[in-house]
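The values are calculated or read from the model by the stated rules, or taken from the named source; none is laboratory data. Being a predicted model, the structure only gives us computed values, none of them experimental. When we count neighbours, we look across all protein chains shown, and the Cβ atoms used for this are built from the backbone with ideal geometry, even at glycine.
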Amino acid sequence: MREGQTPLEETRQGEATVVKGPGSTGRKLYLESYGCQMNFSDSEIVASILADAGYQTTRDADDADLVLLNTCAIRDNAEQRVRRRLVHFKGNKKRNPSLVVGVLGCMAERLREQLLEEEKLVDLVVGPDAYRDLPNLVDQVEGGQKAVNVLLSREETYAEISPVRLDKGGVTAFISIMRGCDNMCSFCVVPFTRGRERSRDPQSIVREAQELFDQGYREVTLLGQNVDSYKWNIDNKGVVKNEDEPVVRFAELLEKVAMVNPDLRIRFSTSHPKDMTDDVLHAMSKHDNICKYIHLPVQSGHSDVLKRMNRGYTREWYLNRIDAIRRIMPDCAISTDVISGFCGETQEEHEATLSLMDEVRYDMAFMFKYSERPKTLAERKFDDDVPEEVKGARLQEVISRQMVHGKERTQAFMGKTLRVLVEGTSKKRDDQFFGRTTHNTVVVFPKGDLKPGDYANVKTFDSTPVTLMGEVTHEPAEA
Ligand code: 5AD
Ligand code: SF4
């Protein structure tokens, strides 16, 4: 597993040829996304809003009239990467003075005027809840002014906007089901950059899933910072808002989406250990098309650290949730996030994380060094006092331990016949496809007569630490 990267923490450039609304004005948008899956999903909303305003997306930044970076502020190194890109685009502006460069997402929210005024790196700064205002703001910049809108909203869910799918694979897609976060984990900047938690209406979510299925997509990932606290028609205190409408919580939503079609796979991210109920696990076990995979970030294996992190659970509570998963779905894959070197972390506390990993034996993990973020509770209350080299050494130990467990978990599937959704051509071999199992393990196999979006039963005969190799078979799948 890559150190310091979340499931989709990579850069991707948007390309879409879809032109909607009033038609193309000939203006071209180049969009780069950083950070979590939610940001990639937001970029598709941005592309849709700007397509309605006449923009076509391009993969070539040199060809663009508008360059937007959808940014992440979760760790300092994520911000530094974006800053380097902005300096690069400032160079492009020298060559093409009419080029508009903007920052979207979490850094926009965190840095606001600093990027515009002090560093003069960009023309446009737009926070995650203000994307509907983008066409106006771009006009404002073209009229010679700088433009900024970083207002956070309690309502905005972009529910009725049809995202322009920037991933050309056409098999898997994200659906945003909620926005923001109310948790205030002490290390985390997200509540400050993405605002209060709000859920999107279930009808529009189910409709989007149906539309994706009709367009040929075969897997959707339901996204939220804490999907287990998804709720519709009921407030935080449990008061029903409209007696004539049903209350929908995450378990019900999952079932509604699962019922769109048995050939549509459902994944979701991220679950929170303090809120993950058995109802969700029962809903998963009831529907074959809900993938047997849960991302359940633990962050630390020691209850004292969890308390300082304000996570709202103890080690024992977390292990009880793992037991519930294993009891209800014995074969479910589990992944996690771990932070090494949080404020005040002792050697004993670090070892508790290793022992928890030994107990759970995660299929996969995303592992990070603690990075202090301005404004967070931890920054205000605690010293970032674990020396950098100790953080690094602990992180290495965590990574090494995970490599052992991940390999063990992958090999447990060796020799088995697995149902795989074909996603696309393998990066390493043109004559092979890759796809994923319900447990999210990547499997590579000869193309045969298959095409992306098909399901295939693949009998595995070889593996690397994280990938399985196999042959298509007519034998029934074991998982
Ligand atoms: N430092 C290091 N890692 C962090 N994460 C969130 N904030 C920080 C931080 N300040 C990690 C957590 C979270 C994941 C998305 O990023 O593990 O689950
Ligand atoms: Fe950050 Fe915690 Fe919310 Fe996740 S649950 S986004 S870690 S505050």
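Exactly one of these conditions fails for residue 347: (1) crowded, with 20+ Cβ neighbours inside 10 Å; (2) polar (S, T, N, Q); (3) over 23 Å from the mean Cα position of the chain (by Cα). Give me its number.
Checking residue 347 against (1) crowded, with 20+ Cβ neighbours inside 10 Å; (2) polar (S, T, N, Q); (3) over 23 Å from the mean Cα position of the chain (by Cα), the one that fails is (1).
Collect the residues in the stretch 160-175 that are buried (at least 17 other Cβ atoms within 10 Å of the Cβ) and without any contact (Cβ under 8 Å) to a residue 60 or more places away in the chain, keeping them in residue-number order.
Hit for the stretch 160-175 is 173, nothing else.
Which pairs do you get when a residue that is surrounded by 13 or more Cβ atoms within 10 Å (Cβ to Cβ), found in the stretch 74-93, comes within reach of a residue that is modelled with pLDDT under 95 and basic (Lys, Arg), reach meaning Cβ atoms under 9 angstrom, with the pair 6+ apart or on two chains?
Cβ pairs passing all conditions: 79/110; 90/120.
Checking the condition in contact (Cβ under 8 Å) with a residue 12 or more places away in the chain, farther than 25 Å from residue 373 by Cα and either β-branched (Val, Ile, Thr) or surrounded by 15 or more Cβ atoms within 10 Å (Cβ to Cβ) (or both), which residue from 339, 334 passes?
Sole residue among the options that is in contact (Cβ under 8 Å) with a residue 12 or more places away in the chain, farther than 25 Å from residue 373 by Cα and either β-branched (Val, Ile, Thr) or surrounded by 15 or more Cβ atoms within 10 Å (Cβ to Cβ) (or both): 334.
Output the residue which, of all residues in the stretch 343-374 that are among the β-branched types (Val, Ile, Thr) and within 16 Å of ligand 1 (Cβ to nearest atom), is farthest from residue 292 (Cα to Cα).
Only one residue fits best here, namely 353.
If you check 87, 101, which single one turns out to be in the same structural domain as residue 31 (by TED's automatic domain parsing), at pLDDT 95 or above and among the hydrophobic types (A, V, I, L, M, F, W, C)?
Unique residue meeting the criteria: 101.
Residues checked against (1) farther than 17 Å from residue 306 by Cα; (2) in contact with a His (Cβ under 8 Å, 6 or more places away or on another chain):
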position	(1), (2)
363	yes, yes
367	no, no
375	yes, no
402	yes, no
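Considering 335, 340, which residue is within 18 Å of residue 411 (Cα to Cα) and within 12 Å of ligand 1 (Cβ to nearest atom)?
Result of the check over 335, 340: 335.
Here are some residues: 238, 216, 144. Which one is in the same structural domain as residue 51 (by TED's automatic domain parsing), assigned to a loop (DSSP other than H, G, I, E, B) and surrounded by fewer than 17 Cβ atoms within 10 Å (Cβ to Cβ)?
Criteria check complete, one pass: 144.
Condition check ((1) within 16 Å of ligand 1 (Cβ to nearest atom); (2) modelled with pLDDT of 95 or more) across all residues:
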| position | (1), (2) |
| --- | --- |
| 158 | no, yes |
| 170 | no, no |
| 177 | no, yes |
| 186 | yes, yes |
| 189 | yes, yes |
| 200 | no, yes |
| 203 | no, yes |
| 206 | no, yes |
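Please tell me if residue 76 is at pLDDT 90 or above, within 20 Å of residue 337 (Cα to Cα) and acidic (Asp, Glu).
Yes; evaluated as a whole, the condition is true for this residue.
Determine, yes or no, whether residue 367 is closer than 15 Å to residue 400 by Cα, out of contact with any strand residue (DSSP E or B) (no Cβ under 7 Å at 6 or more places or on another chain), surrounded by 18 or more Cβ atoms within 10 Å (Cβ to Cβ) and not charged (D, E, K, R).
no
Run down 253, 264 and say which single residue is touching a residue at least 60 places away in the same chain (Cβ under 8 Å) and away from ligand 1 (no atom under 16 Å from the Cβ).
Only one candidate qualifies: 253.
What are the pairs, 6+ residues apart or on separate chains, where a residue within the stretch 197-225 that is under 27 Å from residue 419 (Cβ atoms) and without any contact (Cβ under 8 Å) to a residue 12 or more places away in the chain has its Cβ under 6 Å from a residue that is part of a loop (DSSP other than H, G, I, E, B) and within 16 Å of ligand 2 (Cβ to nearest atom)?
none
Among the residues of the stretch 255-281, what is the count of those that are assigned to a helix (DSSP H, G or I) and not β-branched (Val, Ile, Thr)?
Here the count works out to 6.
Inside the stretch 270-299, can you point out the residues that are farther than 23 Å from residue 260 by Cα and of a type in the set (A, V, I, L, M, F, W, C)?
276, 296, 298
Might you let me know whether the stretch 31-45 holds any residue that is touching a residue at least 12 places away in the same chain (Cβ under 8 Å) and more than 22 Å from residue 129 (Cα to Cα)?
no
If you take the residues of the stretch 177-200 that are among the small types (Gly, Ala, Ser) and surrounded by fewer than 23 Cβ atoms within 10 Å (Cβ to Cβ), which of them is nearest to ligand 2 (Cβ to nearest atom)?
Filtering first and then ranking leaves 186.
Considering only the stretch 304-332, state which residues are part of a loop (DSSP other than H, G, I, E, B) and either of a type in the set (Lys, Arg) or within 16 Å of ligand 1 (Cβ to nearest atom) (or both).
309, 310, 311, 312, 313
Pick out the one residue from 338, 305 that is over 16 Å from residue 274 (Cβ atoms), β-branched (Val, Ile, Thr) and at pLDDT 95 or above.
One residue alone meets the criteria, 338.
Go through the stretch 344-383 and report how many residues are farther than 28 Å from residue 479 by Cα, within 15 Å of ligand 2 (Cβ to nearest atom) and not basic (Lys, Arg).
9
If I filter the stretch 437-471 down to residues being in contact (Cβ under 8 Å) with a residue 60 or more places away in the chain and surrounded by fewer than 22 Cβ atoms within 10 Å (Cβ to Cβ), which single residue comes out as nearest to residue 404 (Cα to Cα)?
Result: 465.
Could you please let me know if residue 269 is within 16 Å of ligand 2 (Cβ to nearest atom), within 27 Å of residue 360 (Cβ to Cβ) and small (Gly, Ala, Ser)?
Answer is yes for this residue.
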